[in-house]
Structure formats: structure tokens, C-alpha cells
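Trainee: Here it is, the structure, as C-alpha cells.
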Amino acid sequence: MAPVPSHSAVVDELERTAEAVLPQSVADFVRGGAGDELTLGWEREAFGEYALRPLVLGGVDRPDLSTTMLGSRVSLPVAVAPMAYQRLVHPAGERATTEAAGRAGALTVVPMLSSVCLEEVIGAATGPLWFQLYPLRDREVVADLARRAERAGYQALVLTADAPRLGTRRRDLRNGFALPPGVEPVNLPRRVGTVAEVDGAGESAIALHAEATHDATFGWEDLARLCDRTALPVVVKGVLCAEDARRAADMGAQGVIVSSHGGRQLDRAVPSLHALPEVVEAVGDRCEVYLDGGVRHGTDVLIAAALGARAVFTGRPLLWALAVGGADAAVDLLARLRGELEEAMVLTGRAGLTDLDGLLRRRRKDWAC
Ligand SMILES: Cc1cc2nc3c(=O)[nH]c(=O)nc-3n(C[C@H](O)[C@H](O)[C@H](O)COP(=O)(O)O)c2cc1C
């Protein structure tokens, strides 16, 4: 196993180290995006559009980084995004990320397509846990997973709404991406959980599975039904505009995650950071608003918070950490984000995450229209 990078290692270094230890097809699966990967790049670039406007002599020594996420208090406003098949990068998979998040004071979203079963993951949790669902053709499976998550003690459901079908991920097709033995969607019953064999380049196991199971006709009424039938709050993930955010709130969702799925679905989709202000304006206090996509530094967290995100999620960096050094490296990564966020708040003179008025300046205005 490669050495764990020091606490100060930048995420780029973590990515390089992880890519050296992972099989190339897995490294590509993690880092890749849809189409020409334009949105993937824009997600990072969007943060570079903002500059910080610091206040001095405000006496901020120990800023308060805590927030609540649907009533659960977290000491860090950075949560773990749902990511399928984490045993691809480490044998402890979702158990390790969940353990790490708990140790770091963060919330975790466990994916429907986890490679460790949802009841077992909760055994590793010391922090709040939400469970993610995809809209499947077999509605009974979705309803059953929602019931299982509720019984097991998850605190919310996250419906991923931006994947009526899978975006074309050329890296996976080129690599003939297949799941290795021992990595399976273990939460799913056999009838929807069998991942087809891949016949070499030109096919991807993930794409074939999604094609066989996802349901593009799943609509707002289905969301309303899900909200009605579960005692858990429902969060809609993958919202990128005001009208969808309003609709989600109308149908009973209590939160939305502004997300382009990390550039893995619709290429040329607006990057989430630029969609965030209109969503915040549209739903105000009717819904909690979160963001994911491209979050790599403490200053990214601060920028998203200043634009109205209650907390952010991070994805790929956690998988790179897991690949390099398991749960300990994931704790280090989250601790580094905590340290960077704290430093940024002290240096901008901000005592808490609700005290961010006037913090941002746009470097250019070219995304506004
Ligand atoms: C390897 C991988 C697997 C993912 N699997 C899922 C998934 O099963 N469900 C889901 O809603 N989002 C999934 N996502 C998207 C993430 O939840 C999140 O939106 C995205 O990774 C955020 O961008 P970031 O990686 O730049 O932080 C996945 C992302 C990656 C990188």
C-alpha cells in the first residue's frame, strides 16, 4: 500500500497517489464524467470565479463551523456524497467512509448501490446517516429499500433525480468497465441486482445495469408518493434550477441537493455552484439547500455557504483517500477540510456560517444571463 500523504497534502496529490494504486479502469470510473467532461471541469472552475472580501480586527478566534442537516447537528458542514460500489477502492467500502465521517463529525449518505449492505453500514456509524435511492422501474424495490432504511435507523432518504438514464461515460465504455468479484449491489434483490457480464470495450457494467433498472417515467407524483409513505424526510438530489426546487418543496421534499452528479450525467449542465443562488432564492426557508460538485478546499465550502448552501457534500476526494489509506486517510481528509475552513473563517473575520453577508466578489460576470 502506498504511504498515506501527510495531513497537509493537497487533494490533487491524494488523487495522484490513489490513481497509482487503483486499477486503471477503477481510477477512470471514479474520476470520469459524462460526454466531453465539460461540466466536470466547470464544477471546479466555478469556485475560481469568486474572490473573498475579508473583514479585519473582528476578533474571530474560534469560528463556529457547526450546522444542522434536517435536525441532526454536525460539527462540520461537509458531508459524504453517495457513491456506488465503494469496495472497488477499499475492502471495507462504505463501512470505512461511514466510520471516517463519524470520527470527523460529518454526515454520510449511503448509496443504494452500496457494496456493503445498508444494515451492516449502520453498525460503523457514529454520525448521522441518510440513505440514497435511485428511481427504479420496480417501484416495490424502492418502497422496500425506503422501509429498510427507516427500520435500520437512517435519518433521511435522498432521491437522486438526475439519472432517469445514465449519462454516457466514455472512459467506462472504452475500458469495458466491469465489477470485480465481491463487488455487488448487495442491497438489491436478485431480480434487479444482477449486474450483466461485460463483453469487453464498448460496454460498461454500470451502464447496462442502469439501463435495465432505472425508470425515466418516474415523476413528481412518484416523489410525492415517496414523501407520503415514509416517516423520514426526503431530499431531492440533482436539482439545478429554481422551478425544480420549488416543485420538490411543493411535493413534500424537505431538502434539495444542487448537483450535476459531479459532471457524470448531463454534460454541459450548468455547474452546481452557479445554479445555487437561484435555488436558494426559489425555496428560501421552505427547504434546506445543499450543494455538491468540485468541493476540494475549505474556501470552496465557505463560498458555497456564502451563496446559501447549508452544507456541502464531497465525493471523489473521499474515494481517493479510501484507496490510499482506508478510514484513517478519509478522516485526515475531512480534518484537513475542517482546518482550511476554520482558517478561512478566521482570516475573513467570520464567526459562523450564517454570518457571511458581503463575503464574495465575482471575478467575472460571464455566467450571469
Ligand atoms: C464513483 C462515483 C460514484 C457515484 N455514485 C453515485 C450514486 O450511486 N448515487 C448518487 O446519487 N450519486 C453518485 N455519485 C455522485 C456523487 O454523489 C456526487 O454528486 C459527486 O461525486 C460530487 O462531485 P465531486 O466528486 O466533485 O465531489 C457518484 C460519484 C462518483 C465519483
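Trainee: Which translational diffusion coefficient, to the nearest whole µm²/s, is obtained for the chain from the Stokes-Einstein equation, given a Kirkwood hydrodynamic radius over C-alpha pairs, 25 °C and 0.890 mPa s? It would help to have the intermediate numbers written out before the result.
Mentor: Numbers: Rh = 20.6 Å.
It comes out at roughly 119 µm²/s.
Trainee: Using 0.36 nm per residue of separation minus the Cα-Cα distance, give me the extension gain between Leu347 and Asp328 in nm, one decimal.
Mentor: Working: separation 19, 0.36 × 19 = 6.84 nm, distance 2.84 nm.
Result for the pair: 4.0 nm of gain on full extension.
Trainee: Taking the Cβ of Phe47 as the center, what net charge do the other residues with Cβ under 10 Å away carry, scoring Lys and Arg +1 and Asp and Glu -1?
Mentor: Details: positive: Arg44, Arg296; negative: Glu43, Glu45, Glu49, Asp300.
Net local charge, Phe47 excluded: -2.
Trainee: May I pose another question? Hey, rough spin-label estimate for Glu278 and Thr354, points 7 angstrom out along Cα→Cβ, what's it come to in nanometres?
Mentor: 2.8
Trainee: Please give the peptides 142-148, 249-255, 70-76 ranked by average Cβ packing (other Cβ atoms within 10 Å per residue), highest first, as a rough proxy for protection. Spell out each step's value before the answer.
Mentor: Working: 142-148: 17.7, 249-255: 19.4, 70-76: 15.7.
My ranking of the peptides, most packed first, is 249-255, 142-148, 70-76.
Trainee: Under a Cβ-Cβ cut-off of 12 Å, what is the net charge of the residues other than Gly105 that fall near it, where Lys and Arg count +1 and Asp and Glu count -1? Walk me through the numbers on the way to the answer.
Mentor: Numbers: positive: Arg73, Arg103, Arg338; negative: none.
Around Gly105, the surrounding residues sum to +3.
Trainee: For a quick protection proxy, order the peptides 159-172, 262-275, 93-106 by their average other-Cβ count within 10 Å, most packed first. List each step's numbers first, then the result.
Mentor: Details: 159-172: 19.4, 262-275: 22.9, 93-106: 25.1.
In descending order of packing, they fall as 93-106, 262-275, 159-172.
Trainee: Here is a follow-up. Once you have the Cα-Cα distance between Glu197 and Leu57, take 0.36 nm times their residue separation minus that, and quote the gain in nm to one decimal.
Mentor: 44.2 nm
Trainee: What net charge do the residues around Ala205 carry, taking every other residue with its C-beta under 10 Å from that of Ala205, with Lys and Arg at +1 and Asp and Glu at -1? Walk me through the intermediate numbers first.
Mentor: Details: positive: none; negative: Asp172, Glu197, Glu203.
Neighbour charge sum, excluding Ala205 itself: -3.
Trainee: Could you tell me which residue out of Gln254, Leu276, Gly294 lies farthest along the dipole of region 11-357 toward its positive end? Charges go on the beta carbon: Lys and Arg +1, Asp and Glu -1, centred on the Cα centre.
Mentor: Sorting the options by dipole projection puts first Gln254.
Trainee: Please sort 215-223, 302-310, 80-88, 239-247 by packing, taking for each peptide the average over its residues of neighbouring beta carbons within 10 angstrom, highest first.
Mentor: Highest-to-lowest ranking by the protection proxy: 80-88, 302-310, 239-247, 215-223.
Trainee: Over the chain, give the accessible area per residue in Å² for a 1.4 Å probe, as an integer. Don't jump to the answer; show the numbers that get you there.
Mentor: Details: 15410 Å² over 369 residues.
Accessible surface, normalised per residue, equals 42 Å².
Trainee: Report, to the nearest whole %, how much of the accessible area of region 16-156 belongs to carbon and sulfur atoms, 1.4 Å probe, protein only. Before the final figure, lay out each step's value.
Mentor: Working: 2680 of 5420 Å².
Here carbon and sulfur together make up 49 percent of the probe-accessible area.
Trainee: State to the nearest 20 debye the size of the charge dipole of the chain about its Cα centre, where the only charges are +1 on K and R beta carbons and -1 on D and E beta carbons. Could the numbers behind the result be given before it?
Mentor: Values: 40 positive and 49 negative charges, 38 e Å.
With Lys and Arg at +1 and Asp and Glu at -1, about 180 debye.
Trainee: Helix-only mean residue ellipticity at 222 nm, the chain, DSSP H runs n ≥ 4 weighted -39,500 (n - 2.57), per residue, nearest 500. What is it?
Mentor: Here the helix-only value at 222 nm equals -12500 deg cm²/dmol.
Trainee: Answer with one residue from Gly315, Ala27, Ala351: the one whose Cα lies farthest towards the positive end of the charge dipole of the chain, charges on Cβ with Lys, Arg +1 and Asp, Glu -1.
Mentor: Farthest towards the positive pole: Ala351.
Trainee: Assuming 0.36 nm per residue, please report the length gained on full extension of the stretch Glu243 to Arg73 beyond their Cα-Cα distance. Let's see the in-between values first.
Mentor: Values: separation 170, 0.36 × 170 = 61.20 nm, distance 2.90 nm.
Contour length minus the Cα-Cα distance gives 58.3 nm.
Trainee: Pop the C-beta distance of Asp285 and Ala212 into the FRET formula with R0 = 56 Å and round what comes out to the nearest 0.05.
Mentor: 0.90
The values are calculated or read from the model by the stated rules, or taken from the named source; none is laboratory data. Here the structure is a predicted model, which is why all the values come from computation and not from measurement. All Cβ positions, even for glycine, are placed from backbone atoms using ideal geometry, and neighbour counts span all protein chains on display. Heavy atoms of the whole protein, side chains included, go into the accessibility calculation; ligands, DNA and RNA do not. Shrake-Rupley method; radii C 1.70, N 1.55, O 1.52, S 1.80 Å.
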